[in-house]
1. Mind counting the residues in the stretch 100-131 that are more than 15 Å from the chain's Cα centre (by Cα), assigned to a helix (DSSP H, G or I) and within 9 Å of the ligand (Cβ to nearest atom)?
2. Do you know which residues across the stretch 42-55 are closer than 21 Å to residue 13 by Cβ and either acidic (Asp, Glu) or open to solvent by 40 Å² or more (accessible area, probe 1.4 Å) (or both)?
3. Of the conditions (1) among the hydrophobic types (A, V, I, L, M, F, W, C); (2) at pLDDT below 95; (3) in a strand (DSSP E or B), residue 88 satisfies every one except a single condition; which number is it?
4. Taking the stated definitions as given, is residue 97 within 12 Å of the ligand (Cβ to nearest atom), acidic (Asp, Glu) and touching a Leu at 6+ places or on another chain (Cβ under 9 Å)?
5. For the stretch 22-31, what are the residues that are within 18 Å of the chain's Cα centre (by Cα) and open to solvent by less than 30 Å² (accessible area, probe 1.4 Å)?
6. Do we find that residue 224 is open to solvent by 30 Å² or more (accessible area, probe 1.4 Å), hydroxyl-bearing (Ser, Thr, Tyr) and touching a Pro at 6+ places or on another chain (Cβ under 9 Å) in this structure?
7. Under 8 Å between Cβ atoms, at least 6 apart or on separate chains: pull out the pairs that start in the stretch 18-36 with a residue that is closer than 13 Å to residue 223 by Cα and in a loop (DSSP other than H, G, I, E, B) and end on any residue that is of a type outside the set (A, V, I, L, M, F, W, C) and modelled with pLDDT under 95.
8. I'm trying to understand the selection: among the residues of the stretch 12-32, which are of a type in the set (D, E, K, R) and near the ligand (Cβ under 8 Å from one of its atoms)?
Amino acid sequence: MTNDTTTGLFISFEGIDGAGKSTHISALAEAFKAQGRAVTLTREPGGTALAEKLRTLILNDAMDALTEALLIFAARRDHLTTVIVPALARGDVVLCDRFTDATFAYQGGGRGFDLDVLSKLELWAQDVQGLGRDFVHELGRKGAAPAIVKPDLTIWFDLPPEEAAKRLAGARVPDKFEAQPVEFFRRVAQGYADRMAADPLRFARIDANRPREAVWTSVHGVFSGRGWLP
Ligand code: TYD
């Protein structure tokens with residue numbers, strides 16, 4: 001893909017809690033804006049008024065694993081149809097803090113929930129055929145029908161779970177996921193590794209176990225390497 005401003009770019013950012021995504025996402029937003037690109041900065045679960053309400057439930061309330069997965073995909077569907085797909089159709093750079101890989105890593109890997117069920121929910125929730133807009137054509141470039149929306153690129157901040165636990169300790173009151181033991185995050189990290197192995201061209205793995213400046217150099221290098229940033 002080129003740096004053509006008529007072409008939307010969908011980038012997601014992943015990693016276990018404490019991996020340090022946030023500052024790099026903000027820095028990328030500034031770098032794209034400096035190039036004159038319109039940027040939609042958003043997150044999951046969340047990114048719309050409805051999905052942010054669901055986020056509060058998902059991150060704080062106890063629920064069974066299927067209920068959790070359904071709420072996450074409900075939030076994602078609302079976010080996709082009302083924010084992400086229209087932004088891509090306008091040609092924006094969409095920077096999304098977590099997307100579907102997080103569901104496979106956290107619900108699938110961490111919780112041990114059935115990956116086939118998650119794949120089915122993904123097909124349903126991320127199918128934008130039938131929205132009846134021109135952008136379905138554009139998004140269809142990524143593959144044959146149904147037009148499942150997936151990121152063009154996923155940056156995976158890979159940090160050993162023990163290191164992430166140290167970084168998170170005492171930082172803030174932990175939510176439902178942050179309060180999980182280190183073994184949970186080992187399974188989440190394995191979940192990300194499995195997702196990357198299944199779709200290696202979509203992923204860029206960043207060694208996040210380094211000083212912030214070194215991590216930024218690597219992150220920036222992924223974008224400049226693709227011709228998306230100078
Ligand atoms: P996070 O993105 O880390 O935001 P913050 O920096 O505000 O804590 O928090 C989102 C949490 O939700 C994180 O623990 C991972 C979890 N999550 C899932 O379990 N499944 C998902 O599909 C998504 C998107 C997030």
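The values are calculated or read from the model by the stated rules, or taken from the named source; none is laboratory data. Computed from a predicted structure; not experimentally measured. Because the Cβ atoms are built from the backbone with ideal geometry, glycine has one as well, and the counts that use them run over all protein chains shown. Note: accessible area is taken over every heavy atom of the protein model, side chains too, but ligands, DNA and RNA are not part of it. Shrake-Rupley method; radii C 1.70, N 1.55, O 1.52, S 1.80 Å.
1. So the count comes out to 1.
2. Step one: list which residues in the stretch 42-55 are closer than 21 Å to residue 13 by Cβ, which gives 42-48, 51-52, 54-55.
Hits for the stretch 42-55 are 43, 44, 52, 55.
3. Condition not satisfied by residue 88: (3).
4. Numbers: within 12 Å of the ligand (Cβ to nearest atom): yes; acidic (Asp, Glu): yes; touching a Leu at 6+ places or on another chain (Cβ under 9 Å): yes.
Answer is yes for this residue.
5. 24, 25, 28, 29
6. Criteria met by residue 224.
7. 35/3
8. Across the stretch 12-32, the qualifying residues are 17, 21.
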